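Notes follow the structure.
Just so it is clear, none of the values below were taken in a lab; they were calculated from the coordinates. On a predicted model such as this, the values are computed, not experimentally measured, just so you know. Methodologically, a virtual Cβ is constructed for each residue, glycine included, from the backbone with ideal geometry; neighbour enumeration extends over all protein chains shown.
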């Protein structure tokens with residue numbers, strides 16, 4: 001019997017458990033999936049590893065699309081703590097707002113949040129790209145090691161505290177910078193990188209020249225007693 | 001962990017179904033706090049000459065004896081027994097006088113709340129059992145606060161459950177943990193506060209009571225928390241008129257709010273709000289750290 005991979009599967013979380021949904025998505029028999037009645041449940045579409053697209057019609061809870069590989073997950077609503085946490089590849093789009101720790105520790109892939117992201121967005125980022133249409137909360141990009149965060153709105157307090165080699169671009173105001181995070185010149189290579197990223201994230205109408213770049217001053221890599229006050 | 005819920009009815013229909021709404025929300029927060037549960041419902045205000053008291057005794061026999069003593073001591077107009085150890089009393093004396101009488105005459109009986117409209121029930125039982133035992137789903141009311149507890153700081157006891165009363169018709173629920181509660185407890189005890197538990201949240205409640213007694217508004221008292229409390233917290237505080245929410249500036253502990261034309265609600269997680277009618281179309285947002293949010297009858301009507 002042949003399976004029609006182009007047909008979309010629809011699954012309601014009013015009728016199925018999250019465990020049943022995720023089991024189906026882990027061994028997918030279709031390329032396109034629609035999830036109804038998410039009701040803020042946790043761990044929806046977590047641990048995917050296939051080139052499928054999943055659309056969730058509503059608000060989701062914690063760790064949605066966590067550990068994602070290759071899949072494209074679209075949330076038509078808000079999401080709770082830790083959206084796309086530890087994502088490896090693929091794409092996650094949130095139409096609404098994201099709670100804290102969006103994209104935490106993500107290694108690869110693209111996370112787009114159309115609304116605002118709360119505190120600790122991109123904490124310990126390890127290579128993924130995050131684009132936020134609105135603003136981000138305090139302690140974002142904390143200890144971010146590599147990857148890129150582009151923020152079309154403002155950033156909260158202590159942006160980029162103890163940041164390593166991740167790049168942060170902010171179009172609006174930054175409430176304050178964290179320890180060892182500094183504003184840096186936006187060179188041509190950064191304009192190109194940011195322009196290309198914004199384009200892919202659906203924000204190609206924005207001028208990369210309106211953003212400011214932030215990154216590590218590299219003074220905390222090795223302990224120096226003169227920097228003790230920075231810790 | 002711990003789970004918090006709060007709901008304020010903006011229509012008569014929501015007031016009529018308030019208990020049902022609050023019970024559904026609390027049930028969703030059951031796995032954030034399976035140790036204990038509690039709820040304060042504001043309903044059926046009584047006259048200024050009377051007061052409503054919610055009491056709990058260590059045993060059913062102790063409750064019977066306490067009721068007997070209260071009838072003789074201050075008079076009891078009506079009483080309603082809930083489960084074995086809890087009762088709602090209406091007494092013909094002002095609430096503070098009634099509270100003092102219980103403290104003096106029946107120290108083993110806890111007065112969980114006192115006022116003109118608050119009814120506060122709590123116990124060290126699973127949230128589902130709590131909702132059934134106390135018949136919460138059938139209650140009407142103007143607003144309610146609820147809590148499910150996963151204890152971290154002190155023992156699991158009926159008295160250590162939330163909400164904590166913080167004065168007449170005022171109560172608090174807390175998700176988090178305070179690190180300077182021992183010092184604050186000592187300071188408040190010197191001022192005359194009597195503590196019934198080792199619980200850090202009881203200290204937060206007593207702190208608010210002390211501020212309110214000193215003439216602070218609820219908003220000022222909550223702003224004081226930002227200065228004087230060290231630790232993690234999402235607080236929800238209810239008064240006779242509405243409720244307020246505050247998250248500490250670090251905001252580790254979650255909170256989500258939602259509003260429609262019919263109700264305003266807050267919860268630790270969205271899945272509690274998702275049970276409410278019209279939740280799909282509600283305005284939903286996460287309260288900012290260190291900002292006091294409040295709703296009163298005047299503010300939303």
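The table that follows gives values for the structure above.
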item	result
Counting DSSP beta bridges with both ends in the stretch A:39-220, the antiparallel % (nearest 5)	20 percent
Per-residue [θ]222 nm for the protein assembly as shown (sum of -39500 (n - 2.57) over DSSP H runs n ≥ 4, rounded to 500)	-6000 deg cm²/dmol
Rel. contact order, % - alpha carbon contacts under 8 angstrom, at least six apart, chain B	24 percent
Spatial separation of Cα centroids for the stretch B:169-228 and the stretch A:174-204, in angstrom	44 Å
FRET efficiency for residue A:210 and residue A:146, using Cβ-Cβ distance with R0 set to 25 Å, rounded to 0.05	0.55
Rounded to 5, the percent of DSSP beta bridges in the protein assembly as shown classed as antiparallel	65 percent
Spacing of the two label points (7 Å from each Cα toward its C-beta) at residue B:283 and residue B:226, in nm	2.1 nm
Residue exposure sequence - B:46, A:149 - by fewest surrounding Cβ within 10 Å	B:46, A:149
Contact order relative to length of the stretch A:39-220, as percent, for alpha carbon pairs under 8 angstrom and 6 or more apart	12 percent
Between helix A:188-200 and chain A: long-axis angle, C-alpha atoms, 0 to 90°, nearest 10	20 degrees
The stretch A:1-92: relative contact order as a whole-number percent, Cα under 8 Å and 6+ apart	22 percent
Residues B:2, B:252, A:121, A:79 arranged by fewest to most Cβ contacts within 10 Å	B:252, B:2, A:79, A:121
Ranking of A:32, B:49, A:167 by count of other Cβ atoms within 10 Å, fewest first	B:49, A:32, A:167
Cα→Cβ-extended label distance, 7 Å offset, between residue A:20 and residue B:180, nm	5.2 nm
Cα pair distances of the stretch A:39-220 binned at 10 Å [whole percent]	12, 43, 35, 10, 0
Sites residue B:190 and residue B:20, calculated FRET efficiency, Cβ-Cβ separation with R0 60 Å, nearest 0.05	0.85
Förster radius 56 Å - calculated FRET efficiency between residue B:157 and residue A:192 (Cβ-Cβ, nearest 0.05)	0.35
